[in-house]
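Input: a single structure, listed below in structure tokens.
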Amino acid sequence: LFQDDLLLPFRTAVDNVALQTRMRGMPKAEARRESMKLLVHMGLGAAANRYPKQLSGGMRQRVSLARAFVHKPSTLLMDEPFGALDAISRLRMQGNLENLWLEGGDRKTVIFITHSVEEAVRLSDRILVLSPSPGRVVAEIEVTAPRPRPVAIESDPYLAARSTRIYEIFDELGVFADVAS
């Protein structure tokens, strides 16, 4: 899952989701049923037959997330998939991702790249903090809080402490050296 949704403009939302399964040989009816199930789960059932140009940015990213989950991969690679979304859409997408992950039963591996400390703490079980360029791992932080996690991580002392620790590491690295106090 990338920063851009990469949906095919000539396919409806449901057809964009089903494309993955069709390419893997799933029968058309089953592919459509599985795709619709995910779109409904994401609150997009009514938009299933709309084309990407008829969807908001957040809706397109939800279609993209459904497309990533529909073929049940063992590992998901996600490169800042929510970075271009507004704050509310971003929180909703985090919730959608966490819910799909929890409901999947198999708890697939997700490698999630983000610049948002709060997003990392909310979604991760293990966070690797990278240094500025060239990026190298400078810390590993485990997050063992139960799921689902709260939207406002600062309301949970354990999660807030993890977030604070990451900001302290950034400060130690001089990331904030040119930021006024």
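The values are calculated or read from the model by the stated rules, or taken from the named source; none is laboratory data. Given the structure is predicted, the values throughout are model-derived calculations rather than measurements. Methodologically, a virtual Cβ is constructed for each residue, glycine included, from the backbone with ideal geometry; neighbour enumeration extends over all protein chains shown. All accessible areas refer to the heavy atoms of the entire protein, side chains included, with ligands and DNA or RNA removed. Shrake-Rupley method; radii C 1.70, N 1.55, O 1.52, S 1.80 Å.
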Task: At 0.890 mPa s and 25 °C, Stokes D of region 115-181 from Kirkwood alpha-carbon radius, µm² per second - done: 195
- [ ] Please list 15-22, 54-61 highest first by mean number of surrounding beta-carbon atoms within 10 Å per residue.
- [x] 15-22, 54-61
Task: Count of Lys pairs (Cα-Cα under 21 Å; at least 8 positions apart or interchain) in the chain - done: 5
Open item on the list: Given a 1.4 angstrom probe, I'd like the percentage of the accessible area of region 1-129 that is carbon and sulfur, rounded to a whole number.
Closed with: 53
Open item on the list: Show log10 I(q)/I(0) for region 1-97 at q = 0.11, 0.13, 0.19, 0.24 Å⁻¹, two decimals, from a solvent-free Debye sum over equal Cα scatterers.
Closed with: -0.27, -0.38, -0.84, -1.34
TODO: Measure out, as a whole number of angstrom, how far apart the alpha-carbon centroids of region 156-181 and region 1-37 sit.
DONE: 40
